[in-house]
Each structure stands twice: as C-alpha cells, then as structure tokens.
Amino acid sequence: MIYLGIGSNLGDKEGNVNKAIELIGKRVGTVMARSSFYYSAPQGFQSPNDFVNVVVGCKTTLSPKELLLMTQQIEKDLGRKLKSHDGHYHDRIIDIDILLYDDVRIDTPELKIPHPLMQTRDFVMIPLKEVFAG
C-alpha cells in the first residue's frame, strides 16, 4: 500500500484535489482510502491562499521511481508549472507527495521515502491518521 499527500491552494482547490485523486485512480492504481479535506495555512512561505489537503491510500504495481514520475506527470497535466526546490515553497494548483510506499526506504536526491517532513506537518499527519483509522 502506498500513501500520497495531495494539496492545492489555488483556484478550485477541492476540485483540483478531486481531479488529482481521479487521475491517481486511473494511472497509479486502486484508491483504497481517502481522508476528508483538511484545511491549513501555508507552511514555509507567506500566502493569503490557504491549502486544502487530503491523504489517499492506494494499491499500485508501479515501482517507487515510476510512481514519482507518474505523480509529477499528473501535477503537470493539472497545470502545475513549478516544483519547490531546497525548501523554497510557493502557491500551487496541485502538489502530490509520496508519503509511504509499503515498508520501502529510499534516500536519493530525487526521492525520499518515507517523506522526510511528514512527521512535522499536521496537514499530512492528521489526514494520514484518519486513513489508517478508517
């Protein structure tokens, strides 16, 4: 089972998240569980636009690297143009983070699993706990 964190703070935020979940179901694998929407202020940068966040649990046959490429493609298809680099964050139409992938541990420059910051983010941990409890 994999767990993905999805967030949006631009446009139709709930709609953006729902479209991402739909594409994840078509391109990544079966969505087995999803949290409710979790609303939060931006972390790590200033913006008047609050975020909507969701965590989904999925079954997939994609490898972790294939999963990364597919989630990045879904972001692009939904209109994301810039990725955050070196802790410099900005508003975004959609963001998909790989939180967990079974018991896999990966620590490369392009992919870190488990997600290294998830334990410090309520907007990840609260929806993730909801999915685990569900």
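The values are calculated or read from the model by the stated rules, or taken from the named source; none is laboratory data. No experiment lies behind these values; they were computed from the predicted model shown. Neighbour counts run over all protein chains shown; Cβ positions are idealised from the backbone, glycine included. What goes into the accessible areas is simple: the full protein's heavy atoms, side chains included, and nothing from ligands, DNA or RNA. Shrake-Rupley method; radii C 1.70, N 1.55, O 1.52, S 1.80 Å.
For a quick check, take a GNM of the chain with Cα springs below 10 Å and name the residue from Phe51, Phe37, Phe123 with the largest mean-square fluctuation.
Fluctuation is largest for Phe37.
With all protein chains present, calculate the accessible area of Thr120 using a 1.4 Å probe and round the result to the nearest 10 Å².
Counting only protein heavy atoms, the figure is 100 Å².
Rounded to the nearest 10 Å², what accessible area does Val124 have for a 1.4 Å probe in the complete protein model?
10
If you add up the charges near Tyr38, with Lys and Arg at +1 and Asp and Glu at -1, over every other residue whose beta carbon is less than 13 angstrom from its beta carbon, what do you get?
Local net charge: 0.
Using the Karplus equation 6.51 cos²θ - 1.76 cosθ + 1.60 (θ = phi - 60°), what ³J(HN,Hα) coupling, rounded to whole Hz, does each residue of the range 54-60 give in order, writing x for Gly and Pro?
Result, rounded to whole Hz: 9, 10, 10, x, 9, 9, 9.
Can you tell me the dipole magnitude for the chain around its Cα centre, using point charges on the Cβ only (Lys, Arg +1; Asp, Glu -1), in Debye to the nearest 20?
The dipole of the chain has a size of about 220 debye.
At 1.4 Å probe size, with the rest of the protein present, what percent of the exposed accessible area of the chain is carbon and sulfur atoms?
Percent of accessible area from carbon and sulfur atoms in the chain: 53.
Taking only Cα atoms and a 10 Å spring cutoff, compute GNM fluctuations for the chain and point out the largest among Gly44, Gly25, Gly57.
Gly44
Over the range 1-113, what is the relative contact order in percent, taking alpha-carbon pairs closer than 8 angstrom and at least six residues apart?
Relative CO of the range 1-113 lands at 39 percent.
Which of these values of Cα Rg over 2.2 N^0.38 Å was calculated from the structure shown: (i) 1.20; (ii) 1.24; (iii) 0.96?
It is the one labelled (iii).
If the cut-off is a Cα-Cα distance under 17 Å, which aspartates and glutamates reach Lys112, setting aside same-chain residues fewer than 8 apart in sequence?
Leaving aside aspartates and glutamates fewer than 8 places away in the same chain, those within reach of Lys112 are Glu66, Asp86, Asp95, Asp97, Asp102, Asp103.
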